[in-house]
Amino acid sequence: MIQGMKCAFGATLTACMLIATPLSAQNADRAERGRSAASELREDMGQRVRSAASEFREAVRNRPNQSARAVAYLTNSMGVREVQARVPRGLAIRGFRHGSEINSGGYTLAPGESVDDAVASYERDHSLFLAVRSEQMRSLLEAEPGDEGMATAVQEGLRLNQQREDDFYQHGLRIIGVELEGRLRDMEQFRSSNGFVRVIELRDENKARPAILPNR
């Protein structure tokens, strides 16, 4: 597996991609272990969603007027501008999350940065990331011309990245979560009024956590 191909633009946007090499008879056991690990990961993610929902309900019940920071994760990916328009004035947008099983990242607003400026920067940086990502993979093909396994994996990565580029230019940047700050009762009102919100997870300042992906 080719790992560590991380691209970062400033302190606000980060994204990464993992490309899996094709399977062969020699690593069938490894593939089976991978499938078992993936199944466990899905179960762990389901438990995380349930725990986040329970913790949020308890917080709303016990301290509804307290201000907090949390990430509202979506049932399905949505256009960043569509989500921006649905967040009520009583809640401040502090960041966004995007991603899939092989590609994830996000954007955190800088102090004093407006949401409109942040969205514009987010879209520009994401477009740049996709272009740089394709260039990195093409460079890999040129650097290792005799490695058939790597070539197959990288070509698949290029195909997927091209799909993401096409989707981005046709439909804009899609996100799976929005980071919010405001009163807990306002967050609950936002959640209960919008069926596209899957769960709201309170932020733990001392723990960085991967995004909750749709359908996981």
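The values are calculated or read from the model by the stated rules, or taken from the named source; none is laboratory data. Just so it is clear, the structure is predicted and the values come from calculations on it, not from any experiment. Cβ atoms come from the backbone with ideal geometry, glycine included; neighbour counts cover every protein chain shown.
Results, tabulated for the structure shown:
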read-out	value
Residue in segment 164-186 that is surrounded by the most Cβ atoms within 10 Å (Cβ to Cβ), counting only those that are under 17 Å from Glu55 (Cα atoms) and of a type in the set (A, V, I, L, M, F, W, C)	Leu180
Any chance Leu91 is of a type outside the set (S, T, N, Q), touching a strand residue (DSSP E or B) at 6+ places or on another chain (Cβ under 6 Å) and on the phi < 0 side of the Ramachandran plot	yes
In segment 174-210, the residues that are modelled with pLDDT under 95 and over 14 Å from Met78 (Cβ atoms)	Arg203, Asp204, Glu205, Asn206, Lys207, Ala208, Arg209, Pro210
Residue in segment 191-199 that is in a strand (DSSP E or B) and aliphatic (A, V, I, L, M) present	yes
Verdict on Gln189 being of a type in the set (S, T, N, Q), surrounded by fewer than 19 Cβ atoms within 10 Å (Cβ to Cβ) and more than 22 Å from Gly95 (Cα to Cα)	no
Qualifying residue in segment 123-134 (condition: modelled with pLDDT under 85 and either over 23 Å from Gly46 (Cα atoms) or not hydrophobic (A, V, I, L, M, F, W, C) (or both))	no
Which listed residue, of Glu113, Glu148, Glu135, Glu101, is in contact (Cβ under 8 Å) with a residue 60 or more places away in the chain, among the acidic types (Asp, Glu), more than 19 Å from Ala52 (Cα to Cα) and surrounded by fewer than 15 Cβ atoms within 10 Å (Cβ to Cβ)	Glu101
Enumeration of residues in segment 60-77 that are surrounded by 19 or more Cβ atoms within 10 Å (Cβ to Cβ) and not β-branched (Val, Ile, Thr)	Ala70, Ala72, Tyr73, Leu74, Ser77
Residue identified as among the basic types (Lys, Arg) and within 23 Å of Leu160 (Cβ to Cβ) among Arg94, Arg133, Arg63	Arg133
Qualifying residue in segment 82-92 (condition: at pLDDT 90 or above, among the hydrophobic types (A, V, I, L, M, F, W, C) and touching a Gly at 6+ places or on another chain (Cβ under 8 Å))	yes
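Conditions tested, residue by residue: (1) small (Gly, Ala, Ser); (2) more than 18 Å from Ala70 (Cβ to Cβ); (3) free of Cβ contacts under 8 Å to residues at least 12 places away in the same chain.
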residue	(1), (2), (3)
Arg159	no, yes, yes
Asp167	no, yes, yes
Gln170	no, yes, yes
Leu180	no, no, no
Asp186	no, no, no
Ser193	yes, no, yes
Arg198	no, no, no
Leu202	no, no, no
Ile212	no, no, no
